[in-house]
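All remarks here apply to the structure that follows.
The values are calculated or read from the model by the stated rules, or taken from the named source; none is laboratory data. What you see is a predicted model, and the numbers here were worked out from it, not measured in a lab. For neighbour counting, all protein chains shown are included, and Cβ atoms are generated from backbone atoms with ideal geometry for every residue, glycine included. Only protein heavy atoms, including side chains, enter the accessible area calculation; ligands, DNA and RNA are left aside. Shrake-Rupley method; radii C 1.70, N 1.55, O 1.52, S 1.80 Å.
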Amino acid sequence: MTDRYLSVARTSVHEIEIKRSRFLCALAPVPSEEAAREFIAARRRAEPGARHHCHAFVLGPDGRTQRSSDDGEPAGTAGTPMLEVLRRRELTDTVAVVTRYFGGVLLGAGGLIRAYGQSVSDAVEAVGVLEHRRLSLVEVAVSYDRAGRLENDLRASPYLLRATRFDELARFEVGLAPGEAPAFAGWLADLTNGEAATTPLGDHWVARRPGKGLE
C-alpha cells in the first residue's frame, strides 16, 4: 500500500486558445468514481453550447482506476492524452474535463492530441498540487513551561507539527512517517527529560503542498 500520492490542489477552470478553438480545462480533486462522473456532468451543464466535453480521471492512492473519453473527437486524440498528463504528473483522485469550442480551423489528429494534453498540463500548473501522506499521528502533552521550546523545536524538526491545543497542558499533534516513531521517541525524551506524555491517534492521510505547510 502506498504511503504517498499527489492530487490537484483544488477545483479550477483554466482556458487556452489554439487556432481560434477554445479549450476550457476544469480540474477537481475527487474521492470516488461517482464524484468524478458528477463533476463531468456538472461541466456539461455549465457549458451547454460546447460540442465536446472530453474527460480523464485517475482514482485511488495507487492510481489503479483510470478512465477517459474522447466524447466525439477522433479516437485517441483527447481522452488518452489528457489521461497521459495525469499519469505523467503522478496525479490521482483527480478528474480533468476539457470543454472545446470549435473555432473553425481543423487541428488534425496530431494538433488535437497536443491541444488536449497542453490544456490539462497548463491547468495543473495553474492550480498546483497537493501531496497526501499517510502518517501515524501522536499527541504530545507537556507542561506549559516546556511548551515554547518544544513547539519551536518541532517546527524546526523533520517531524510534521499538524495542530496545537492548549488546556490544562500544552498538546501538539505530530505526524510521523513510517519508521520515524523510534527516532521521534528518543528525540522527544531527550528534549523534555522524559516528561512528555504521548498518545497514539492512529494513521491518517495528511495533505500539504510539496515543500509547504498543511492545507
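Amide H of Gly103 versus every other amide H placed in the peptide plane: which residues, excluding those fewer than 5 positions away on the same chain, fall under 5 Å?
For Gly103, the qualifying residues are Ser21, Arg22.
Apply the Karplus curve 6.51 cos²θ - 1.76 cosθ + 1.60, θ = phi - 60°, to the phi angles in region 10-23 and return the couplings in whole Hz, x for Gly and Pro.
Computed from phi, the couplings for region 10-23 are 6, 6, 7, 10, 10, 10, 10, 10, 10, 6, 6, 7, 9, 10 Hz.
Order Thr94, Thr80 by their accessible area, 1.4 angstrom probe, all chains in place, largest first. Show your work: numbers first, answer last.
Details: Thr94 0, Thr80 70 Å².
Highest to lowest solvent-accessible surface, that is Thr80, Thr94.
With charges only on Cβ, +1 for K and R and -1 for D and E, what is the dipole size of the chain about its Cα centre, in debye, rounded to 20?
On the way: 28 positive and 29 negative charges, 201 e Å.
Here the chain has a charge dipole of around 960 debye.
Only four residue types carry charge here, +1 at the Cβ of Lys and Arg and -1 at the Cβ of Asp and Glu. Report the dipole size of region 1-128 about the Cα centre in Debye, rounded to the nearest 20.
Working: 17 positive and 16 negative charges, 65 e Å.
Around 320 debye, computed over region 1-128.
With the crude spin-label approximation of a point 7 Å out along Cα→Cβ, what separation in nm comes out for Thr11 versus Tyr144?
Reported label-point gap for Thr11 and Tyr144 is 4.4 nm.
Hey, if you put +1 on the Cβ of every Lys and Arg and -1 on every Asp and Glu Cβ in region 59-215, which of Val174, Thr192, Leu106 ends up farthest toward the positive end of that dipole?
The listed residue farthest towards the positive side: Leu106.
If you stretched the chain out fully between Arg37 and Arg208, how much longer would it get, using 0.36 nm times the residue separation minus the C-alpha to C-alpha distance?
On the way: separation 171, 0.36 × 171 = 61.56 nm, distance 2.55 nm.
That pair, Arg37 and Arg208, stretches by 59.0 nm at full extension.
5 Å is the cut-off here: which amide hydrogens, built 1.01 Å from N in the peptide plane, fall below it relative to Val30, excluding neighbours closer than 5 in sequence?
Thr94, Val95
Along Cα→Cβ, 7 Å out, is where each label goes; now give me the distance between the ones at Glu195 and Arg114 in nm to one decimal.
6.7
Using θ = phi - 60° and the Karplus relation 6.51 cos²θ - 1.76 cosθ + 1.60, list the HN-Hα couplings for region 58-75 in order, rounded to whole Hz, with x at every Gly or Pro.
Once θ is set to phi - 60°, the couplings for region 58-75 become 10, 9, x, x, 8, x, 5, 8, 9, 9, 7, 8, 7, 6, x, 6, x, 3 Hz.
Let me make sure I get this right: for the chain, a, b and c are the square roots of the gyration tensor eigenvalues over alpha carbons, sorted descending. Under 1.5 in a/c it's rounded, otherwise prolate if a/b > b/c, else oblate. Which is it? Spell out each step's value before the answer.
Numbers: a/c = 3.40, a/b = 3.15, b/c = 1.08.
Prolate is the answer for the chain, as a/c is 1.5 or above and a/b outweighs b/c.
In percent, how large is the relative contact order of the chain, given Cα pairs closer than 8 Å and 6 or more residues apart?
23
Take Phe172, Phe166, Phe39 and sort them by solvent-accessible surface of the protein heavy atoms, 1.4 Å probe, largest at the top.
Details: Phe172 0, Phe166 110, Phe39 35 Å².
These residues rank, largest area first, as Phe166, Phe39, Phe172.
Assuming R0 = 35 Å, what is the FRET efficiency of Thr2 and Val105, from their Cβ-Cβ distance, to the nearest 0.05?
Values: r = 43 Å, r/R0 = 1.23.
The value I calculate is 0.20.
Output wanted: per-residue J couplings in Hz (rounded whole) for region 128-143, from phi through Karplus 6.51 cos²θ - 1.76 cosθ + 1.60, θ = phi - 60°, x for Gly and Pro.
x, 10, 10, 9, 9, 10, 7, 10, 8, 8, 10, 9, 10, 10, 9, 6
Hey, any idea what % of region 19-130's accessible area is carbon plus sulfur with a 1.4 Å probe?
Details: 2440 of 4960 Å².
Ligands and nucleic acids excluded, carbon and sulfur reach 49 percent.
Tell me, what is the per residue accessible area of region 84-215 in Å², probe radius 1.4 Å?
Working: 6590 Å² over 132 residues.
Result: 50 Å² per residue.
Name the long-range amide H neighbours of Arg4: under 5 Å, sequence gap of 5 or more, or other chain; modelled H, no Pro or chain starts.
Under 5 Å from the amide H of Arg4: Arg134.
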